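Single-structure report; data block below.
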Amino acid sequence: MALTRFLFSSKNEIALNQIREENLFLYKIVSHLGTCLTVPEEEIIEQGDKGQALFFISKGDCAVKYLNINGHEVLSSKLLTEGDHFGEISMIYKCPRTATVISRNYNTLARLTYEMYREIVNEYPDYLRYLKLYLFGYKEAKKYFFFDMITSIEYFNHNFPVDLLHDMFYSMETKKYE
């Protein structure tokens, strides 16, 4: 009897609806994932390529390398391990890949295509907000240089939203002049 009262009280109904919604969201993602198996030293994504999918590491680990501001290749100290994801920047902003990800051993990855990603974020916009908040924490020298330059302009230096700075940064096309 106490359990029935608990389950059907108005406060708990909200909590149960939230759990149901989260389960539907997870089901939606999981039902649209493909499997990707990699071998050691395989390039899974390459910096500059068009992003076609978002990846989740189920088993194994991956190294990340990228070209820095000076055009030199840098191996990131961040190792991607089980439970991590990558490829979200190009999914969110429809921009070229910002880094190269290489498998360090035999990996099992889950793959979410761009089309399925769009379907999911259209149905669950909070997922897009979560991904954006997550990538705000990325420590990229080029991004911080851009932020410093933009916010040095008086118009942009007064409480300019961080999400708009990210939108501007990832929407810009890189040009190199010699």
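The values are calculated or read from the model by the stated rules, or taken from the named source; none is laboratory data. None of these values were measured; they are calculated from a predicted model. A quick note on method: Cβ atoms are made from the backbone with ideal geometry, for glycine too, and the neighbour counts reach across all protein chains shown.
Tell me the residue from LYS143, LYS132, LYS175, LYS139 that is among the charged types (D, E, K, R), part of a loop (DSSP other than H, G, I, E, B) and under 18 Å from the mean Cα position of the chain (by Cα), please.
Step by step, each of LYS143, LYS132, LYS175, LYS139 is checked, and only LYS139 is among the charged types (D, E, K, R), part of a loop (DSSP other than H, G, I, E, B) and under 18 Å from the mean Cα position of the chain (by Cα).
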TODO: Select from segment 37-62 the residues that are within 18 Å of the chain's Cα centre (by Cα), surrounded by 17 or more Cβ atoms within 10 Å (Cβ to Cβ) and in a strand (DSSP E or B) and list them in ascending order.
DONE: ILE44, ILE45, ALA53, LEU54, PHE55, PHE56, ILE57, CYS62
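Looking at the structure I just gave you, is MET116 in contact with a His (Cβ under 6 Å, 6 or more places away or on another chain), of a type outside the set (Phe, Trp, Tyr), in contact (Cβ under 8 Å) with a residue 40 or more places away in the chain and assigned by TED's automatic domain parsing to the domain that holds GLY51?
Working: in contact with a His (Cβ under 6 Å, 6 or more places away or on another chain): yes; of a type outside the set (Phe, Trp, Tyr): yes; in contact (Cβ under 8 Å) with a residue 40 or more places away in the chain: yes; assigned by TED's automatic domain parsing to the domain that holds GLY51: yes.
Spelling it out, MET116 is indeed in contact with a His (Cβ under 6 Å, 6 or more places away or on another chain), of a type outside the set (Phe, Trp, Tyr), in contact (Cβ under 8 Å) with a residue 40 or more places away in the chain and assigned by TED's automatic domain parsing to the domain that holds GLY51.
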Task: Qualifying residue in segment 139-150 (condition: within 29 Å of TYR27 (Cα to Cα) and not assigned by TED's automatic domain parsing to the domain that holds VAL39) - done: no
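Residues to consider are LEU67, LEU133; find the one that is of a type in the set (A, V, I, L, M) and closer than 20 Å to GLU173 by Cα.
After ruling out the rest, the residue left standing is LEU67.
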TODO: Residue by residue through segment 70-86, note down the ones that are surrounded by 11 or more Cβ atoms within 10 Å (Cβ to Cβ) and modelled with pLDDT under 90.
DONE: VAL74, LEU75, SER76, LYS78
TODO: For residues that are buried (at least 22 other Cβ atoms within 10 Å of the Cβ) and of a type outside the set (Val, Ile, Thr), scanning just segment 100-111, find the one that is nearest to the chain's Cα centre (by Cα).
DONE: LEU109
